[in-house]
1. Would you point out which residue out of ALA5, ALA50 is hydrophobic (A, V, I, L, M, F, W, C), assigned to a helix (DSSP H, G or I), within 14 Å of the chain's Cα centre (by Cα) and at pLDDT 90 or above?
2. Name the single residue that is modelled with the highest pLDDT among those in the range 8-35 being closer than 18 Å to GLN56 by Cα and of a type in the set (D, E, K, R).
3. Is it the case, given these coordinates, that VAL15 is out of contact with any Leu (no Cβ under 6 Å at 6 or more places or on another chain), outside any helix (DSSP H, G or I) and among the β-branched types (Val, Ile, Thr)?
4. Identify the residue in the range 3-22 that is polar (S, T, N, Q) and surrounded by 10 or more Cβ atoms within 10 Å (Cβ to Cβ) and, among all such residues, is nearest to ASN40 (Cα to Cα).
5. Which of the residues spanning the range 1-24 are free of Cβ contacts under 8 Å to residues at least 12 places away in the same chain and of a type in the set (Val, Ile, Thr)?
6. Considering the range 25-54 alone, what residues qualify as being more than 17 Å from PHE2 (Cα to Cα) and touching a residue at least 12 places away in the same chain (Cβ under 8 Å)?
7. Of everything in the range 34-53 that's surrounded by 15 or more Cβ atoms within 10 Å (Cβ to Cβ) and not aliphatic (A, V, I, L, M), which residue is farthest from GLN22 (Cα to Cα)?
Amino acid sequence: MFYEAGIAHALGKEVILIAQSQDDVPFDLRHIRYVKYLNNAQGLSVLSDAIASRIQTVIGH
C-alpha cells in the first residue's frame, strides 16, 4: 500500500484507499480519506458506488 500510494502522491495523482476495517489502514495513512467496505455482495456493490462517486468528484474538479 505504501509504495503505490507514495508513487501516486509523488506524481500528483488522486488515491482512493479502500479497507475492510480502519485497522487495515496504516496509522500514518489514516489522515487520508478511505472507503470502508464489507466483503459480501451488498458491501461490494456499496464499494463500487462509493468509488464511482469519488471518481466523479475528482473528474468534476
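1. The match here is ALA50.
2. If we take residues in the range 8-35 being closer than 18 Å to GLN56 by Cα and of a type in the set (D, E, K, R), then LYS13 is modelled with the highest pLDDT.
3. Yes, satisfied.
4. GLN20
5. Within the range 1-24, just ILE7 meets the criteria.
6. LYS36, TYR37, LEU38, ASN39, LEU47, ALA50, ILE51, ARG54
7. TYR37
The values are calculated or read from the model by the stated rules, or taken from the named source; none is laboratory data. Everything numeric here is computed off the predicted structure, so don't read it as measured data. Glycine also receives a Cβ, built like all others from the backbone with ideal geometry; neighbour counts cover every protein chain displayed.
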